[in-house]
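Structure first, commentary second.
The values are calculated or read from the model by the stated rules, or taken from the named source; none is laboratory data. Just so we're clear, the structure is a prediction, and the values are computed from it rather than from any experiment. When we count neighbours, we look across all protein chains shown, and the Cβ atoms used for this are built from the backbone with ideal geometry, even at glycine. Protein only, heavy atoms only, side chains kept; ligands, DNA and RNA dropped before computing areas. Shrake-Rupley method; radii C 1.70, N 1.55, O 1.52, S 1.80 Å.
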Amino acid sequence: MEEPTLRIRELQKDRVDFVMSGVDLAFANSLRRVIMADVATVAIDMVEIEVNTTVLVDEFLSHRLGMIPLTSTNCEEGMRYKRDCPCLGFCRYCAIVYEIDVRCTEGEMNVTSEHLTMIPPDQWDHDEEASAAEDILAKRGKNFGVPAGPATDPDPQRKPISLVRLRKGQALKARCIARKGIAKEHAKWSPCSAVGFEYDPHNKLRHTSYWFETDEKAEWPLSKNAIEEAPPGDVFDFTAVPEQFYFDVETTGSLNPQEVCMRVRLPVPACAWKLTMQCRVWQSCKISLLR
Amino acid sequence: MNALPRFELFTLGDGEKAIEVVEDTKIPNAATIRVAKQDHTLANMIRGYLLKNPKVLFAGYKVPHPLEPHFILKIQTDGTATPVEVLQEVCTTLLTLVAKIEGKFKEQFQQKELEVGLEEPYGAPGGRLPRGDYTEPRRANAMDYLDF
Ligand SMILES: [Zn+2]
């Protein structure tokens, strides 16, 4: 088997740009899909609104709350899925509870992710029985559950996320329950805001044909990845296959790019492994049937 | 209100089989494999690597309905191995490949972090990436050979 190669071209706190080769297009694409939809994070999943006299309806606000990226470092091990948790309702191992209680008394004000306050689990989780899994909590990264923003980022330019704007007399009070999930269920759990994916920047393989007005070359400038590959020769090589893949992963702030990329080992092998095991089970069944 | 729980799109139900194999009675060395609760992510990857295997004559997959979370994989081999055997082979290949990629990521990230010389500000706020060979964080007053 061909040896895969990987080269990180750029690494920032919320972005990683890498080039991969030695794998199939199918594999590279699956990797992209896994990065987008199979990595677990925490997001607000239930909102109980007590007071809402803002201009936005309850559903609108609930949606906006759900979209807030919450710091989810090592969420995979530090939290349980609701469906896997033996508790009734919610507990400290499968939920994080927040409260938002804002009233505008003077002029106008912005409600942001900064107004979301995490309620310590002791105040809402009184289940003694469940506390046997204390080590799960120890696996969580720093600031776990804190909305990504000024509280978690040393960058002075970093702004919190706007939720709604209030006028004098308007108020919002709600309790929010955040849970662990993956983006296959809802896009709010995706650790990425965008994943750039490209191969064959010169279109040597002719997988696409460009639409143009007058001049194809002028209207379709080459991407920055074009310098990585030699420009096409005169002869079309119809046996060529995609070989290099350019990824540009941008995270929402819930996970760092390192964790997003390293976590790919979990979902893909998990299902491939399951599959191999099932194959074995199936084969042994067949053998016993034949006998 | 009669919608299924959303997670049923990707988690196996009680007693649900992850994989079902039906051998083809009309085509030699062929089988149809139904994989539950999986989508293009796994299906296309397996199909791609099946086609690279010289024992495979045909490999293709389809997701029969976008709202039904399963896919169907069709494999025909040249007879030197059964379709299930080649599928197993391909899954093992993929597992090794993912492990290799993971190693490369680890290596490259470590290198890049050193290059930029920033460790703490990288990454989600505060948290360090859990690594396989992750050693215990250094205790505040522990001595090490560089401290002298
Ligand atoms: Zn629970």
If you scan segment A:86-129, which residues turn out to be within 12 Å of the ligand (Cβ to nearest atom) and free of Cβ contacts under 8 Å to residues at least 40 places away in the same chain? A:L88, A:G89, A:C91, A:P121, A:W124, A:D125, A:E129
In this structure, does A:A28 turn out to be closer than 19 Å to A:A148 by Cα, more than 9 Å from every other protein chain (Cβ to nearest Cβ) and in contact (Cβ under 8 Å) with a residue 60 or more places away in the chain? no
Selection within segment B:46-64 - in contact with an Asp or Glu (Cβ under 8 Å, 6 or more places away or on another chain) and at the interface with another protein chain (Cβ under 10 Å from one of its Cβ atoms): B:G48, B:Y49, B:K52
Name every residue in segment A:148-199 that is basic (K, R), outside any strand (DSSP E or B) and within 14 Å of another protein chain (Cβ to nearest Cβ), in order of residue number. A:R158, A:K184, A:K188
Could you check, for segment A:52-74, whether at least one of its residues is assigned to a strand (DSSP E or B), among the hydrophobic types (A, V, I, L, M, F, W, C) and more than 13 Å from the ligand (Cβ to nearest atom)? yes
Taking the conditions exactly as written (crowded, with 16+ Cβ neighbours inside 10 Å, part of a helix (DSSP H, G or I) and of a type in the set (D, E, K, R)), does B:K106 satisfy them or not? yes
Given A:A40, A:A28, which one is within 16 Å of the ligand (Cβ to nearest atom) and either on the phi > 0 side of the Ramachandran plot or not β-branched (V, I, T) (or both)? A:A40
Kindly establish whether B:K106 is more than 22 Å from the chain's Cα centre (by Cα) and modelled with pLDDT of 85 or more. no
Filter result for A:P191 (under 28 Å from the mean Cα position of the chain (by Cα) and closer than 28 Å to A:S30 by Cα): yes
Unmet requirement for A:V47, which otherwise passes all of (1) open to solvent by 20 Å² or more (accessible area, probe 1.4 Å); (2) within 13 Å of the ligand (Cβ to nearest atom): (2)
Taking the conditions exactly as written (open to solvent by 70 Å² or more (accessible area, probe 1.4 Å), outside the structural domain of A:R9 (by the TED database) and within 30 Å of A:P121 (Cβ to Cβ)), does A:K159 satisfy them or not? yes
Within segment B:16-32, the residues that are under 30 Å from A:D45 (Cα atoms) and open to solvent by 80 Å² or more (accessible area, probe 1.4 Å) are B:K17
Hey, can you tell me all the residues within segment A:62-89 that are acidic (D, E) and surrounded by fewer than 18 Cβ atoms within 10 Å (Cβ to Cβ)? A:E77, A:D84
Test A:I136 against the stated conditions and say whether it is of a type in the set (V, I, T), closer than 28 Å to B:P5 by Cβ and either within 16 Å of the ligand (Cβ to nearest atom) or more than 14 Å from chain B (Cβ to nearest Cβ) (or both). yes
Name the residue, out of A:E128, A:E106, A:E59, that is at pLDDT 95 or above, open to solvent by 20 Å² or more (accessible area, probe 1.4 Å) and over 21 Å from the mean Cα position of the chain (by Cα). A:E59
